[in-house]
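Computed from the coordinates by the stated procedures, all read-outs in this text should not be read as laboratory data. It should be emphasised that the depicted structure is a prediction, and the values quoted were computed from it without experimental measurement. Note: ideal-geometry Cβ built from the backbone for every residue, glycine included; neighbour counts use all protein chains shown.
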Amino acid sequence: MDVAEKLNAQMRIFFALNAAGFFTWQAGDGFAASAQIPGAFTGPSLLLSGIGFGLWLVTLIIIFGQAWRAKKLGVYDLLSDEWSLRVRAQAAEAAFWITTAGVVISMTLTNFGVDGQLLLKLLTGLAVASFLGSYVWYDSRHEDGE
């Protein structure tokens, strides 16, 4: 495994962790703020939100560091590499459809009285996590001989 493949594999792991951290942060915050969730879950929800925020922030810093390292080594450019542009386009399309389905489900749930603030936080987390998760999915297919 050469340097570029090793860095790319590491970046995929950090993107997946970043997606999980962002979704956890938003979901925990939504559960803590919702009036429909029992008060006993507020503390654990805030703790989960804090852990998610920490994971998101740490992985974001690592991702920027790894991208800078890859560019400095000249192995690939995360932002303007042809493969990266194609994968981002595919991930954006997948995230669009996932988020659209989430909005439809959320709108249906509001008809049954589910708190809109909670659903908005979950949708925010879903939108970002679905893009990053799709990016990891489509990028990893490249190494399996697409």
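Below is a table of values for the structure above.
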quantity: Most mobile listed residue (Gly50, Gly28, Gly125) in the chain, GNM with C-alpha springs under 10 Å; calculated: Gly50
quantity: Residue-averaged 222 nm ellipticity for the chain, from DSSP H runs of 4+ at -39500 (n - 2.57), nearest 500; calculated: -30000 deg cm²/dmol
quantity: Counted charge near Lys121, where neighbours are those whose Cβ lies closer than 12 Å (Asp, Glu -1; Lys, Arg +1); calculated: -2
quantity: Centroid-to-centroid separation of the range 35-50 and the range 84-146 [C-alpha atoms, Å]; calculated: 24
